[in-house]
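The values are calculated or read from the model by the stated rules, or taken from the named source; none is laboratory data. Small disclaimer: the values here were computed from a predicted structure and weren't measured. For neighbour counting, all protein chains shown are included, and Cβ atoms are generated from backbone atoms with ideal geometry for every residue, glycine included.
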Amino acid sequence: MKIKFENTLKTLEYFQSKNADSIFNTVMTYMPQDFRGTLIRQQRERSERNKQAEIDFLVKAGGSIRDRYALLWKQQMERRRQLAQLGSATGVFKTLVKYLVGVPQVLLDFIRQINDDDGPMEEQRQRYGPPLYRLTKMVLAIRLFLLLMWSRFDGRKLTTDELAILEQAVNVYTNEFERFITFMGEVFANSPFFISADEVGAADSRNDDYKEISIPAGKTHEVVLSVDSINSYIAWDFSLEQSKMKLDIGFSVEYTSSSGEKVLILPYRRCDSDQGNFCTCMAGTYKLIWDNSYSTFFRKALFYKVDCIPPVVEPTQQ
């Protein structure tokens, strides 16, 4: 019976994880297919690792299946709140939403309203909730039955009939619960409001937000970013205008603390293009420098974009 309950819990975990992945991947198809989308995915992966660490800590501390279920539920609600933030462009997601150029408003409305009282999730709850509530009542009855048997255990041994009733109830509950979860997975997988960018013709990468600048010979160009939070991502992508001559440009990244101390984050090197990112471990000012001071005659036409994406705020860990 213990194995049956543990397998049912694994089914629930898989259902929640698969749903979260499906919604996240749908939203991500609308993001520009460049380093920004990659960074958002990295932040989400870090968030999911933190959630798994919470579960592992609870298990090692001897938490019950009930405690573990409560934690999984809390984590699922956190994922939904983050999606709602994305749709309403509040909090950290202001940085992300401004890049959703050309995204159909219906998608943003859906993300914002998914948790509303009259939203799609509420419709699903009203339609499919009653059978799940009946299963909840059943597992509560099983729990009560176990408590009553345990309270009598010192006075007498459990009878074969009592154990048979318990085993039959567990079999019915676990089988029905897994069947219901499988069915709900199919409902979500075929939901009409989970449209992808391909279906609405919005999947093309939008790179029209690159900046272009001409750096004269003997000069440099700098981009200064003020970072308020650690674990923010600073990313860049640049290239020089194509020409018959093989041109390059110096590039480096430095950090300046509030006291004025400077630290070289990325050592100076010369190249014709580069793409990269790093996670900040200090708040302060970061400067990206393109150096053409060594050139005597040739200007450099630089195409670039730079971004600073703040971290997804995680709940306080125990």
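Hey, could you check segment 194-210 for residues that are surrounded by fewer than 12 Cβ atoms within 10 Å (Cβ to Cβ) and at negative phi and say which is modelled with the lowest pLDDT?
Going through the qualifying residues, I end up with 205.
Of the residues 86, 96, the single one that is assigned to a helix (DSSP H, G or I), modelled with pLDDT under 60 and in contact with a strand residue (DSSP E or B) (Cβ under 9 Å, 6 or more places away or on another chain) is 96.
Kindly check whether there is at least one residue in segment 103-125 that is surrounded by 14 or more Cβ atoms within 10 Å (Cβ to Cβ) and modelled with pLDDT of 65 or more. Yes, segment 103-125 contains at least one residue that is surrounded by 14 or more Cβ atoms within 10 Å (Cβ to Cβ) and modelled with pLDDT of 65 or more. Checked against (1) modelled with pLDDT under 70; (2) surrounded by fewer than 15 Cβ atoms within 10 Å (Cβ to Cβ); (3) under 16 Å from the mean Cα position of the chain (by Cα), residue 74 meets all criteria but (1). For segment 248-272: of the residues being exposed (fewer than 14 other Cβ atoms within 10 Å of the Cβ) and touching a residue at least 12 places away in the same chain (Cβ under 8 Å), which is nearest to residue 231 (Cα to Cα)? The selected residue is 257.
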